[in-house]
Amino acid sequence: MSQRRIVIDPVTRIEGHARISLFLDENGQVRDARLHVTQFRAFEKLCEGRPFTEMPSLMARICGICPVSHLIASAKACDQILGTRIPPAAVQLRRVLNLAQLVQSHALNFFHLSAPDLLLGMDGDPARRNLFGLIESHPQMARDGIRLRQFGQQIIERLAGKRIHPAWVVAGGVSEPMTAEARDAILAGIPEAMTIVQRTLGWFKNAMDNFREEAAAFANFPTFFLGLVGPDGELEHYDGRIRVVDAAGRVVADNLPPERYRDYIGEAVEPDSYLKSPYYKPEGYPDGIYRVGPLARLNLADRCGTHAADQEWAEFRQLERGAVLSSFYYHYARLIEILYALERIEQILQDQQILSRHVRAHATANHPEGIGVAEAPRGTLIHHYRVDEAGVIQWANLIIATGHNNLAMNRGILQAARRFVHGDRLSEGALNRVEAVIRAFDPCLSCSTHAAGRMPLIVELRGPEGELLDEVKRAG
Amino acid sequence: MNAGIKTLKIDGRDVSARADQTILEVARENGIFVPSLCYLEGLSPVGACRLCLVEVKGASRLLPSCVTRVEEGMEVTTRSERLERYRRMILELLFSERNHICSVCVSNGHCELQSLAEKLLLTHVHFPYRYPRLPVDASHPRFVADHNRCILCTRCVRVCDEIEGAHTWDVMGRGIEARVITDLNQPWGDSESCTSCGKCVHVCPTGALSEKGRSVAEMAKRRQFLPYLTMMRTQR
């Protein structure tokens with residue numbers, strides 16, 4: 001017995017289904033690690049033959065956590081098929097919806113999924129290391145998380161009619177203008193939400209010292225970072241152009257038109273996962289490994305563009321000289337982005353134009369192709385459709401935020417496993433740290449394979465001949 | 001027109017009716033709910049969907065109330081366990097036959113099939129779904145025909161023939177292969193007989209016929225025009 005394999009199956013407290021395999025060498029040291037995404041849904045195929053106007057709602061069904069992100073990217077692709085410039089109020093309303101989605105999704109990851117590790121300890125009792133344990137031991141934090149997520153969801157409901165899978169975002173804009181009551185209700189909730197996120201940021205910055213080891217070994221390595229930035233290099237989630245920076249924080253490509261993503265993003269397929277592995281084309285595969293999402297966005301931007309978030313951003317960027325490399329800091333970045341989103345929503349809603357009744361452009365299919373790109377909570381989301389002359393979908397390609405991070409997640413698991421797993425048995429704490437790396441990325445595997453379900457985790461420990469040495473399973 | 005008055009009992013209630021009326025018309029006049037999908041006031045009844053079946057005392061089988069004339073002394077039952085079981089079964093068969101995906105349908109929330117299923121407390125479809133591969137005809141500049149959502153009620157065929165007088169729509173094939181077609185099974189956009197009046201779209205009970213560009217749940221149908229049109233053409 002010279003080489004062995006550990007399997008973690010299923011991975012818990014993430015969205016979707018996955019399994020992790022750790023391969024050990026003769027000396028019981030981790031030689032390789034793989035994340036297998038074990039679900040398959042084929043949304044790109046099943047939308048063929050449907051009218052393109054159905055796409056935003058159809059594609060939103062990919063996910064119940066971030067249906068809004070899919071709505072936005074899909075509607076932007078449909079706008080291109082129409083060939084219209086949508087009314088300015090519609091742009092701003094979609095922007096608010098997208099930011100509200102960011103607030104609720106980031107709050108879900110930080111408070112519900114990751115806070116149990118951060119507050120109850122990576123080695124804590126797994127039976128209590130969950131939201132319910134958190135409610136018992138840190139009721140204020142648990143309440144804050146639930147409240148913040150509720151605020152984000154209520155904005156979505158007030159704008160779009162319902163929290164999950166609203167049909168409000170349509171090709172050409174949005175279907176209904178915003179009411180003054182909805183605007184006032186949202187604005188009234190902002191101060192409380194700001195207090196919560198600032199309190200949590202304060203706590204996180206104080207607690208960071210306790211997680212030095214995790215910060216050092218949680219997918220902490222040089223990669224490129226990719227995402228949208230605004231026209232002046234500010235943080236941007238709805239429009240903008242693609243920027244790529246390297247590990248030193250240097251801009252290696254800027255102003256890339258999002259519609260031409262295929263020029264600079266390649267998609268590799270690995271035989272052991274349904275999740276594709278996108279890479280930055282000029283560097284080839286797999287050297288073109290890059291990360292997207294909150295960490296990437298804060299590394300890419302020259303500033304946030306809102307007052308309080310800018311101060312936090314400046315402090316965040318002090319963590320390292322170039323780009324902030326440890327994926328542990330995704331958590332930190334998420335909190336700063338929530339702060340930014342709240343400030344930005346407030347700014348947008350204070351403009352009287354937001355109540356304009358002209359929120360939809362009408363046209364038929366004028367162009368055979370449309371590409372919509374937006375920043376989802378987890379990173380850059382790309383929807384690409386082709387239609388026939390009647391506007392019926394002939395072909396679709398999606399690149400989902402989690403997909404971009406696939407290479408980095410794999411390498412991150414390997415790094416954490418090398419640091420925390422020793423021998424052919426899995427300690428509970430080691431297992432949880434390997435999972436926590438994945439959680440830091442906040443993957444949505446339902447989205448990225450366009451697949452459904454909870455995310456249980458399985459870890460397998462396998463020997464050199466592929467024999468199973470140890471296996472740990474957790475229900476989702 | 002026979003103007004004689006008949007008296008009968010519906011669900012134990014004494015009602016009176018003109019001799020040329022159907023059980024369904026009389027029931028609805030008296031506020032008694034009888035489900036239906038193919039029937040539409042203003043169009044000739046065809047008795048196709050079988051949802052309006054009722055029990056008539058003395059009759060050995062169930063009768064479709066939309067095409068059964070009232071008779072003196074008739075005793076009609078519109079609600080019974082057997083009728084409800086059959087009606088639910090008919091709906092289940094309709095759902096299993098094609099691809100009725102309410103959540104992403106243009107008529108979600110405005111669909112007669114969907115609202116009947118709710119009203120008749122349909123919770124599950126016990127038959128295996130057929131998932132047929134059916135086309136969407138989006139060739140018409142203003143309208144879309146999605147055969148996945150069609151229940152073959154033929155309201156479109158009748159309104160086009162009887163009210164618009166164009167007879168663009170018809171049915172081809174038999175049984176489970178049957179499909180509504182425009183002209184001689186040409187793309188709707190190429191139809192020479194279609195006047196683009198849109199009546200078919202608005203009488204369609206589901207999302208099978210819709211206005212182009214409508215997004216999910218946006219296709220609410222307006223049917224108020226139909227009784228007026230019929231009245232103006234027949235009773236002026």
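The values are calculated or read from the model by the stated rules, or taken from the named source; none is laboratory data. Keep in mind it's a predicted model, so treat the numbers as computed, not measured. Neighbour counts are summed over all protein chains in view; Cβ atoms, including those assigned to glycine, are modelled from backbone coordinates with ideal geometry.
Just give me the residues in the range A:164-173 being more than 10 Å from chain B (Cβ to nearest Cβ) and either crowded, with 19+ Cβ neighbours inside 10 Å or on the phi > 0 side of the Ramachandran plot (or both), in sequence order. So that I can check it myself, show each step before the final result.
First, pick out the residues of the range A:164-173 that are more than 10 Å from chain B (Cβ to nearest Cβ): A:164, A:173.
Within the range A:164-173, just A:GLY173 meets the criteria.
Screening B:ARG158 with (1) outside any loop (DSSP other than H, G, I, E, B); (2) without any contact (Cβ under 8 Å) to a residue 24 or more places away in the chain gives one miss only, at (2). Count of the range B:163-189 residues, restricted to those that are assigned to a loop (DSSP other than H, G, I, E, B) and among the acidic types (Asp, Glu), is 1.
Surrounded by fewer than 20 Cβ atoms within 10 Å (Cβ to Cβ), assigned to a loop (DSSP other than H, G, I, E, B) and more than 14 Å from chain A (Cβ to nearest Cβ): does that describe B:GLY109? Step through it out loud before you land on a result.
Values: surrounded by fewer than 20 Cβ atoms within 10 Å (Cβ to Cβ): yes; assigned to a loop (DSSP other than H, G, I, E, B): yes; more than 14 Å from chain A (Cβ to nearest Cβ): no.
It is false that B:GLY109 is surrounded by fewer than 20 Cβ atoms within 10 Å (Cβ to Cβ), assigned to a loop (DSSP other than H, G, I, E, B) and more than 14 Å from chain A (Cβ to nearest Cβ).
Need the failing condition index for A:LEU102 against (1) within 14 Å of chain B (Cβ to nearest Cβ); (2) under 26 Å from A:GLY240 (Cα atoms), just the number. Exception for A:LEU102: condition (1). Tell me, please, whether a residue that is in the same structural domain as A:ARG243 (by TED's automatic domain parsing), surrounded by 15 or more Cβ atoms within 10 Å (Cβ to Cβ), farther than 28 Å from A:ASP79 by Cβ and aromatic (Phe, Trp, Tyr) can be found in the range A:259-266. Scanning the range A:259-266 turns up no residue that is in the same structural domain as A:ARG243 (by TED's automatic domain parsing), surrounded by 15 or more Cβ atoms within 10 Å (Cβ to Cβ), farther than 28 Å from A:ASP79 by Cβ and aromatic (Phe, Trp, Tyr). Filter the range A:233-280 for residues that are among the small types (Gly, Ala, Ser) and assigned to a loop (DSSP other than H, G, I, E, B); which is modelled with the lowest pLDDT? In this case the residue turns out to be A:SER273. So, in the range B:138-152, how many residues would count as being more than 8 Å from chain A (Cβ to nearest Cβ) and not in a loop (DSSP other than H, G, I, E, B)? Counting residues in the range B:138-152 that are more than 8 Å from chain A (Cβ to nearest Cβ) and not in a loop (DSSP other than H, G, I, E, B) gives 5. Checking each residue of the range B:29-51 against the condition of being surrounded by 22 or more Cβ atoms within 10 Å (Cβ to Cβ), outside any loop (DSSP other than H, G, I, E, B) and either under 16 Å from the mean Cα position of the chain (by Cα) or not basic (Lys, Arg) (or both) gives no match.
If we keep just the residues of the range A:305-340 that are outside any helix (DSSP H, G or I), of a type in the set (S, T, N, Q) and touching a residue at least 12 places away in the same chain (Cβ under 8 Å), which is nearest to A:GLU192 (Cα to Cα)? Residue satisfying both the conditions and the ranking: A:THR306. With respect to (1) at pLDDT below 65; (2) out of contact with any Lys or Arg (no Cβ under 7 Å at 6 or more places or on another chain), the lone exception for A:PRO456 is condition (2). Name every residue in the range B:197-216 that is more than 16 Å from the chain's Cα centre (by Cα), assigned to a loop (DSSP other than H, G, I, E, B) and within 14 Å of chain A (Cβ to nearest Cβ), in order of residue number. Matches in the range B:197-216: B:LYS212, B:GLY213, B:ARG214, B:SER215, B:VAL216.
For the range A:122-169, a tally of residues being touching a Lys or Arg at 6+ places or on another chain (Cβ under 7 Å) and basic (Lys, Arg) returns 0.
State whether the residues of the range B:184-194 include one that is surrounded by fewer than 13 Cβ atoms within 10 Å (Cβ to Cβ), away from chain A (no Cβ under 14 Å) and touching a residue at least 12 places away in the same chain (Cβ under 8 Å). Talk me through it step by step, then tell me what you get.
Going residue by residue through the range B:184-194, those that are surrounded by fewer than 13 Cβ atoms within 10 Å (Cβ to Cβ) are B:184-185, B:190, B:192.
Then keep just the ones that are away from chain A (no Cβ under 14 Å); that gives B:184-185, B:192.
Now narrow it down to the ones that are touching a residue at least 12 places away in the same chain (Cβ under 8 Å): B:185.
Looking for residues that are surrounded by fewer than 13 Cβ atoms within 10 Å (Cβ to Cβ), away from chain A (no Cβ under 14 Å) and touching a residue at least 12 places away in the same chain (Cβ under 8 Å), one finds at least one in the range B:184-194, hence yes.
Number of residues in the range B:75-106 that are among the hydroxyl-bearing types (Ser, Thr, Tyr) and within 14 Å of chain A (Cβ to nearest Cβ): the value is 1.
Just one of the listed residues (B:ALA145, B:ALA178) is among the small types (Gly, Ala, Ser) and touching a helix residue (DSSP H, G or I) at 6+ places or on another chain (Cβ under 8 Å), namely B:ALA145. When the criteria are applied in full, B:LEU229 meets the requirement of being aliphatic (A, V, I, L, M), touching a helix residue (DSSP H, G or I) at 6+ places or on another chain (Cβ under 6 Å) and more than 14 Å from chain A (Cβ to nearest Cβ).
Within the group A:ARG158, A:ARG147, A:ARG183, A:ARG199, which residue is at pLDDT 95 or above, touching a Leu at 6+ places or on another chain (Cβ under 6 Å), more than 14 Å from chain B (Cβ to nearest Cβ) and surrounded by fewer than 22 Cβ atoms within 10 Å (Cβ to Cβ)? First the steps, then the outcome.
Numbers: A:ARG158 fails: touching a Leu at 6+ places or on another chain (Cβ under 6 Å); A:ARG147 fails: touching a Leu at 6+ places or on another chain (Cβ under 6 Å); A:ARG199 fails: touching a Leu at 6+ places or on another chain (Cβ under 6 Å).
Just one listed residue meets the conditions, A:ARG183.
From the list A:ALA215, A:ALA219, A:ALA207, which one is aliphatic (A, V, I, L, M), in contact with a Gly (Cβ under 8 Å, 6 or more places away or on another chain) and closer than 30 Å to A:LEU119 by Cβ? If you could, list the steps in order and put the result at the bottom.
On the way: A:ALA215 fails: in contact with a Gly (Cβ under 8 Å, 6 or more places away or on another chain); A:ALA207 fails: in contact with a Gly (Cβ under 8 Å, 6 or more places away or on another chain).
Residue meeting the stated conditions: A:ALA219.
Listed by first and then second residue, the pairs linking a residue in the range B:118-135 that is under 19 Å from B:LEU37 (Cα atoms) to a residue that is of a type in the set (Asp, Glu) and surrounded by 10 or more Cβ atoms within 10 Å (Cβ to Cβ), with Cβ atoms under 7 Å apart and 6 or more places separating them unless they lie on different chains, are B:LEU120/B:GLU84; B:LEU122/B:GLU92; B:VAL125/B:GLU92. Scanning the range A:96-116 for any residue that is without any contact (Cβ under 8 Å) to a residue 60 or more places away in the chain, among the small types (Gly, Ala, Ser) and in the same structural domain as A:ALA365 (by TED's automatic domain parsing) turns up at least one such residue. The range A:1-112 holds helices (runs of 4 or more DSSP H) entirely within its bounds, and those carrying 1 or more residues that are surrounded by fewer than 20 Cβ atoms within 10 Å (Cβ to Cβ), within 22 Å of the chain's Cα centre (by Cα) and modelled with pLDDT of 85 or more map to A:43-46, A:88-107.
Name the residue that is nearest to the other protein chains (Cβ to nearest Cβ), counting only residues in the range B:113-135 that are buried (at least 20 other Cβ atoms within 10 Å of the Cβ) and touching a Pro at 6+ places or on another chain (Cβ under 7 Å). If you could, list the steps in order and put the result at the bottom.
At the first step, the residues of the range B:113-135 found to be buried (at least 20 other Cβ atoms within 10 Å of the Cβ) are B:113-114, B:116-117.
From the residues that got through so far, the ones that are touching a Pro at 6+ places or on another chain (Cβ under 7 Å) too are B:113, B:116.
Numbers: B:LEU113: 18, B:LEU116: 22 Å.
Per the criteria, the residue is B:LEU113.
Residues that are within 12 Å of chain B (Cβ to nearest Cβ) and β-branched (Val, Ile, Thr) within the range A:41-80 comprise A:THR53, A:ILE62, listed in sequence order.
Out of A:ARG360, A:ARG317, A:ARG344, A:ARG334, report the one residue that is more than 29 Å from A:ASN299 (Cα to Cα), among the basic types (Lys, Arg) and buried (at least 17 other Cβ atoms within 10 Å of the Cβ). Walk me through how you get there before you give the answer.
Numbers: A:ARG317 fails: more than 29 Å from A:ASN299 (Cα to Cα); A:ARG344 fails: more than 29 Å from A:ASN299 (Cα to Cα); A:ARG334 fails: more than 29 Å from A:ASN299 (Cα to Cα).
A:ARG360 is the lone residue from the list that is more than 29 Å from A:ASN299 (Cα to Cα), among the basic types (Lys, Arg) and buried (at least 17 other Cβ atoms within 10 Å of the Cβ).
Here A:VAL387 meets each of (1) farther than 24 Å from A:ASP287 by Cα; (2) more than 14 Å from chain B (Cβ to nearest Cβ); (3) in contact with a strand residue (DSSP E or B) (Cβ under 8 Å, 6 or more places away or on another chain) with one exception, condition (2).
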